[in-house]
Protein chains: 4
Amino acid sequence: MSTLAELIEDLVTANRILATQGIVDSFGHVSIRHPDNPKRYLLSRSRAPERVETGDIMEFTLEGDPVDAKGRKPYLERFIHGAAYEMRPDVMSCIHNHSPGVIPFGITGRKMKPVMHMCATIGHEVPIWDQHKKFGDTDLLVTSMAMGRDLAKTLGKGRTSLMRGHGAVVVGAELRATVYTAVYLELNAKLQMQAESMSKKVKFLTKGETQKVAATTSMANINRAWENWCRKADRPFRDIQ
Amino acid sequence: MSTLAELIEDLVTANRILATQGIVDSFGHVSIRHPDNPKRYLLSRSRAPERVETGDIMEFTLEGDPVDAKGRKPYLERFIHGAAYEMRPDVMSCIHNHSPGVIPFGITGRKMKPVMHMCATIGHEVPIWDQHKKFGDTDLLVTSMAMGRDLAKTLGKGRTSLMRGHGAVVVGAELRATVYTAVYLELNAKLQMQAESMSKKVKFLTKGETQKVAATTSMANINRAWENWCRKADRPFRDIQ
Amino acid sequence: MSTLAELIEDLVTANRILATQGIVDSFGHVSIRHPDNPKRYLLSRSRAPERVETGDIMEFTLEGDPVDAKGRKPYLERFIHGAAYEMRPDVMSCIHNHSPGVIPFGITGRKMKPVMHMCATIGHEVPIWDQHKKFGDTDLLVTSMAMGRDLAKTLGKGRTSLMRGHGAVVVGAELRATVYTAVYLELNAKLQMQAESMSKKVKFLTKGETQKVAATTSMANINRAWENWCRKADRPFRDIQ
Amino acid sequence: MSTLAELIEDLVTANRILATQGIVDSFGHVSIRHPDNPKRYLLSRSRAPERVETGDIMEFTLEGDPVDAKGRKPYLERFIHGAAYEMRPDVMSCIHNHSPGVIPFGITGRKMKPVMHMCATIGHEVPIWDQHKKFGDTDLLVTSMAMGRDLAKTLGKGRTSLMRGHGAVVVGAELRATVYTAVYLELNAKLQMQAESMSKKVKFLTKGETQKVAATTSMANINRAWENWCRKADRPFRDIQ
């Protein structure tokens, strides 16, 4: 089992990886549920992911209250994370990002579906949440638990949801696997766009294939990528196999 | 309040950031209105933005005359800046650039509109200025106050205008916010192109959403990006919150 | 003649080049047939290509059994390599990759054909293998000799085959030439996509041109690229002309 | 006036710039006419441009014979350069490259025309040379003076010509200006592709605008880019204004 300190280092690493892999720019965030207290989660103070350091990681209640802020300013949209942890006991990690590939899908309503095996963990079809439906004209930020819960409802039992005119949310049972899904959600977006511009008869993964890939995507597999991403982000690699 | 020396360092940093973020290549420029004299502005001598140093920053009258050139050669198109400052007392910073995404919009007449929350500061609809209409066949450069004023008229009360076959101009009430708008104008261009190639029914931000996002885009938000961009441009970060 | 130790160093270099040239990400692999024993091949343990070191290179029988694993875990899909070496005595090197350009072709059924001289070594028309036809719903991985042999049958006498929803396989009579083909297969994919989006009348290389280019692509040519790629991958260049 | 040694250093720099700016990959080459003997030109031995050093620069007769090879192997396609210098006394520098943007135009027959002011030096309309017309099935390389002269004929009085299924040739009255044209030929290709996919009514530069921009593109302008490109290519900048 990983210690809390090790998990926090992993969370810092996840921030750096998401930045170096182009999944977040100066915005977007990644959290983990507290390993010792399922009613808490850990998330950086309001800072660009590529700059996040150990001392930036704050603890929050599921409602988004900082446990001990020490003067650190939290992300306005932390409610995305709390609402996902609240509704989904299986979720141990959550990412919110605005990677460029997912935006065109969210604003056209085009359904994203996995086009290659590595992208199967995004789920057979990615739902789209439109904040406008329930909340009308807003600044498009998820700034309350009511909004976070509405988004979590669209997420449902899945691992991914797009957010119209905003970005995406990705959840998972483990931090590294969640990063993996976020990286390949972006790749799937780019590949699907290209394929659909070439042909109206794109062969997506079948439902059976999607399930089989998701079932055989092992931590060994994910760690192969994680080791590589750590080096590219200039972070130490901790093997957890 | 920032000192003049601090603002000049920020202006050098803005040059480097615009280059490392791909908003300018070897051409394009960024200026600020002089903090102590609204009839003057500060702009580099004619040099690629990624190479600009403190000693390159020159002072100009709004008509574009160098106050003390010291042998430094100014940009031919400095009139873009002066005309914007002249017409718009609220404008404190101005960027002229040719980032690749904006060109196709300028030459097709396709209207750019914000597709995601971070791009809302570009305004609800970006106008296009065509130098040819008033000035006929030119070398497409803005080489006089007459041309600069005509461009400023198209800009109107907004923050952005495209220039057909040339690039864009971006203005703002603060240097860092202006850089932010220029970065996300380029992103919006790329995302809108992709979305419109996928569907004829793209959901842009509503007018209400655009206004709300613009209203809640705080200096804290912009500084989160600015800190990140400074590090990527190998420049010191000065916190002004 | 190159020694075994030199070939293993070249194989490590090939891994690094494929990563730095964007042909593999954290996944994909490259092998060579054992120079002294045609019934054996050399392939890294299960690791991201950019991280592969000399000590990672394992020896396998054509059926995919490690000769002396020393605790190292092999790639699940090593059967792609063994089956190619088994069926094609002329093949001395094999690459399996998922570079982004090839995916849209595999899932649309669009035939890839060479669009420029440097891409002629991919062959006049690239076949597509769909694992689903013979094996139904799988996790899309090539995890048995039966699957590997079926893929090798689609490859036939050629140098390349796409794999629907998965990637590609590239083979050759020499390691560096195989890397060259994999690099230009990816470039061809991108260029063909763009050209076919511009016009329905794309002029591909004629069959005669394809054959002539393939015939005159010398090791001197390939080494010009290899030297350059070595430097970019921070690996020593060994001249074998 | 620049000395021969200075011009050779500039030629090495041009090789590095073309590589770092993505205009050549491991292939492609750039030459200058000999400053003291118009019947000779200077070109690297057969080597990837990013690796070219001073000692690689060879002298050739216009027919392509090395004056003093010293065991160095020349490029097979040096006849592109010699034929251009032979036919066009005004040409002092020549580039042959395969940058990705130009390929789709060459193979679709779509006419490239300048879309923005910085691209005006490519000329009002870029011709396309198809080696197949006169020479039938070849390996698509320009391996004789007959081929080089046929290409030069298509180039005519212009600065650029595409080569179907192969690449492009760019000539100019000065090395730095020729590099400038090659860089912006590639940019024009990308922008025109995007614009034409958005609309059938793209506003290209008028003939008058093209001529005016070409007339006002000064060495000062080109040197602004050259200084920047030198730094990016890690080469010293020599100011020649």
Counted residues, the stretch B:212-225 - those being more than 8 Å from chain A (Cβ to nearest Cβ), surrounded by 14 or more Cβ atoms within 10 Å (Cβ to Cβ) and either farther than 21 Å from B:ILE23 by Cβ or modelled with pLDDT of 95 or more (or both): 2
Residue count for the stretch B:180-210, restricted to those that are without any contact (Cβ under 8 Å) to a residue 12 or more places away in the chain, more than 25 Å from D:VAL115 (Cβ to Cβ) and outside any loop (DSSP other than H, G, I, E, B): 1
Scan of the stretch B:211-226 for residues that are part of a helix (DSSP H, G or I) and of a type outside the set (A, V, I, L, M, F, W, C), ordered by number: B:GLN211, B:LYS212, B:THR216, B:ASN221, B:ASN223, B:ARG224
Members of the stretch A:227-236 that are part of a helix (DSSP H, G or I) and either facing another protein chain (nearest Cβ under 8 Å) or surrounded by fewer than 18 Cβ atoms within 10 Å (Cβ to Cβ) (or both): A:GLU227, A:ASN228, A:TRP229, A:ARG231, A:LYS232
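Tell me which residues, restricted to the stretch A:194-211, are open to solvent by less than 60 Å² (accessible area, probe 1.4 Å) and out of contact with any Leu (no Cβ under 7 Å at 6 or more places or on another chain).
Taking the stretch A:194-211 first, the residues open to solvent by less than 60 Å² (accessible area, probe 1.4 Å) are A:195-196, A:198-199, A:202, A:204-206, A:208-210.
Across the stretch A:194-211, the qualifying residues are A:ALA195, A:GLU196, A:MET198, A:SER199, A:VAL202, A:PHE204, A:LEU205, A:THR206, A:GLY208, A:THR210.
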From the options A:ARG47, A:ARG16, A:ARG72, A:ARG33, residue that is within 14 Å of chain B (Cβ to nearest Cβ) and over 28 Å from B:LEU187 (Cβ atoms): A:ARG72
So C:ASP139, is it open to solvent by less than 50 Å² (accessible area, probe 1.4 Å), part of a loop (DSSP other than H, G, I, E, B) and either more than 8 Å from every other protein chain (Cβ to nearest Cβ) or of a type in the set (Asp, Glu) (or both): yes
Among residues of the stretch A:165-179, those that are open to solvent by less than 30 Å² (accessible area, probe 1.4 Å) and either at the interface with chain C (Cβ under 9 Å from one of its Cβ atoms) or part of a loop (DSSP other than H, G, I, E, B) (or both), counted: 2
A:LYS200 vs. criteria more than 15 Å from the chain's Cα centre (by Cα), more than 21 Å from C:THR138 (Cα to Cα) and within 11 Å of chain C (Cβ to nearest Cβ): yes
Lone unmet requirement of (1) at pLDDT below 95; (2) within 9 Å of another protein chain (Cβ to nearest Cβ) for B:ASP239: (2)
Some residue of the stretch D:122-137 being more than 15 Å from the chain's Cα centre (by Cα) and among the polar types (S, T, N, Q): yes
Those residues of the stretch C:142-164 which are in a loop (DSSP other than H, G, I, E, B) and surrounded by 20 or more Cβ atoms within 10 Å (Cβ to Cβ), in sequence order: C:VAL142, C:ARG159, C:ARG164
Enumeration of residues in the stretch C:108-120 that are of a type outside the set (D, E, K, R) and either within 12 Å of chain A (Cβ to nearest Cβ) or without any contact (Cβ under 8 Å) to a residue 12 or more places away in the chain (or both): C:THR108, C:GLY109, C:MET112
Breaking point among (1) open to solvent by 10 Å² or more (accessible area, probe 1.4 Å); (2) at the interface with chain D (Cβ under 9 Å from one of its Cβ atoms); (3) not aromatic (Phe, Trp, Tyr), for C:LEU191: (1)
Pair list, Cβ under 8 Å, 6 or more apart: the stretch D:80-107 residue within 11 Å of chain C (Cβ to nearest Cβ), other residue β-branched (Val, Ile, Thr) and open to solvent by 20 Å² or more (accessible area, probe 1.4 Å): D:PHE105/D:ILE128; D:GLY106/D:ILE128; D:ILE107/C:VAL202
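The values are calculated or read from the model by the stated rules, or taken from the named source; none is laboratory data. Predicted model only: the values in this text are computed from it and were never measured. Cβ coordinates were reconstructed from backbone atoms using ideal geometry, including for glycine residues, and neighbour counts include every protein chain displayed. For accessibility, only protein heavy atoms count, side chains too; no ligands or nucleic acids. Shrake-Rupley method; radii C 1.70, N 1.55, O 1.52, S 1.80 Å.
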